[in-house]
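The values are calculated or read from the model by the stated rules, or taken from the named source; none is laboratory data. All values derive from a computational prediction rather than experimental measurement. Here the Cβ is made from the backbone with ideal geometry for all residues, glycine too, and neighbour counts use every protein chain on show.
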Amino acid sequence: MSIITKRGDDGHTDLLFGRRIGKTSPRIVALGSIDELNAALGLARAAGLRDELVPIIDHVQEKLVAAMGQLATLPEDRERYSYAAVSSEDIEWIEQVAREMEARGVRFTGWARPGAEGAIAAAAMDFARAVARRAERDAWELDQSGGEVSGDVLLFLNRLSDLLWILARVEEQPGGA
């Protein structure tokens with residue numbers, strides 16, 4: 001079976017459980033932003049991210065796939081969704097990782113200037129952070145337009161952008177924070 005199905009030629013795309021939706025709907029916009037965030041994190045990994053951060057990013061990417069699954073399920077199909085989901089434990093995990101990095105001396109000291117330190121992986125992490133902020137805005141837009149986004153997904157995206165800012169600062173420092 002080819003990846004080229006031509007099913008999207010009419011401006012619609014598939015969701016889970018056989019549902020179709022317009023490609024410009026707020027749900028697809030939010031899904032696309034989370035997908036782009038996942039790709040941006042892949043870029044940071046491929047840019048030579050320090051080894052200690054790779055498992056963190058891998059876990060985040062796993063949770064982003066779960067969030068996409070949740071968003072690809074319409075509210076009327078929610079009880080049918082039995083796959084991985086973002087939960088309050090995932091939000092707590094992000095907060096714990098952020099606290100651990102902050103305990104190592106990473107602090108907010110003003111606006112970051114991505115790339116100023118010459119660290120490609122850090123700049124890629126900052127790019128991912130900016131995409132995370134957009135993904136959060138798009139998820140909120142979907143929720144506020146009646147799309148019923150899980151509160152855990154919304155909080156996860158919010159906390160994630162903060163964590164990515166911290167990780168970019170860790171990546172900029174010689175030997176880590």
Checklist entry - Is there any pair linking a residue in region 1-17 that is touching a residue at least 24 places away in the same chain (Cβ under 8 Å) and within 24 Å of Tyr83 (Cα to Cα) to one that is of a type in the set (Ser, Thr, Tyr) and part of a loop (DSSP other than H, G, I, E, B), with Cβ under 6 Å and at least six apart or on different chains, and which? => result Leu16/Thr73
Checklist entry - Is it the case that some residue within region 154-174 is within 21 Å of Leu43 (Cα to Cα), surrounded by fewer than 17 Cβ atoms within 10 Å (Cβ to Cβ) and over 14 Å from the mean Cα position of the chain (by Cα)? => result yes
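I need a count of the residues in region 2-58 that are of a type in the set (Val, Ile, Thr), over 27 Å from Glu79 (Cα atoms), out of contact with any Lys or Arg (no Cβ under 8 Å at 6 or more places or on another chain) and part of a helix (DSSP H, G or I). Even if it seems obvious, please write down each step before you answer.
At the first step, the residues of region 2-58 found to be of a type in the set (Val, Ile, Thr) are 3-5, 13, 21, 24, 28-29, 34, 54, 56-57.
Then keep just the ones that are over 27 Å from Glu79 (Cα atoms); that gives 3-5, 54, 56-57.
The next check asks that each one be out of contact with any Lys or Arg (no Cβ under 8 Å at 6 or more places or on another chain); those that pass are 3-5, 56.
Next cut, part of a helix (DSSP H, G or I) only: 56.
Matching residues across region 2-58 total 1.
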Item to check | Residue count, region 87-111 (criterion: in a loop (DSSP other than H, G, I, E, B), loosely packed, with under 11 Cβ neighbours inside 10 Å and either of a type in the set (A, V, I, L, M, F, W, C) or modelled with pLDDT of 90 or more (or both)) | outcome: 1
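In region 71-91, what count of residues is obtained for those that are among the acidic types (Asp, Glu) and closer than 23 Å to Leu160 by Cβ? Show your work before the answer.
From region 71-91, those among the acidic types (Asp, Glu) are 76-77, 79, 89-90; that's our starting set.
Checking the rest, the ones that are also closer than 23 Å to Leu160 by Cβ come to 89-90.
Qualifying residue count, region 71-91: 2.
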Checklist entry - Quick check, is Val106 touching a Lys or Arg at 6+ places or on another chain (Cβ under 6 Å) and more than 18 Å from Leu157 (Cα to Cα)? => result yes
Checklist entry - So, in region 124-159, of the ones that are without any contact (Cβ under 8 Å) to a residue 60 or more places away in the chain and not charged (D, E, K, R), which residue ends up farthest from Thr73 (Cα to Cα)? => result Ala130
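Here is a yes/no grid of residues against (1) modelled with pLDDT under 95; (2) small (Gly, Ala, Ser); (3) within 15 Å of the chain's Cα centre (by Cα):
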site	(1), (2), (3)
Thr5	yes, no, no
Gly48	yes, yes, no
Glu52	yes, no, no
Val65	no, no, yes
Checklist entry - Among the residues of region 67-86, which ones are over 15 Å from Leu15 (Cβ atoms) and surrounded by 20 or more Cβ atoms within 10 Å (Cβ to Cβ)? => result Val86
Checklist entry - Being surrounded by 15 or more Cβ atoms within 10 Å (Cβ to Cβ), among the polar types (S, T, N, Q) and more than 20 Å from Trp165 (Cβ to Cβ), is that true of even one residue in region 26-49? => result no
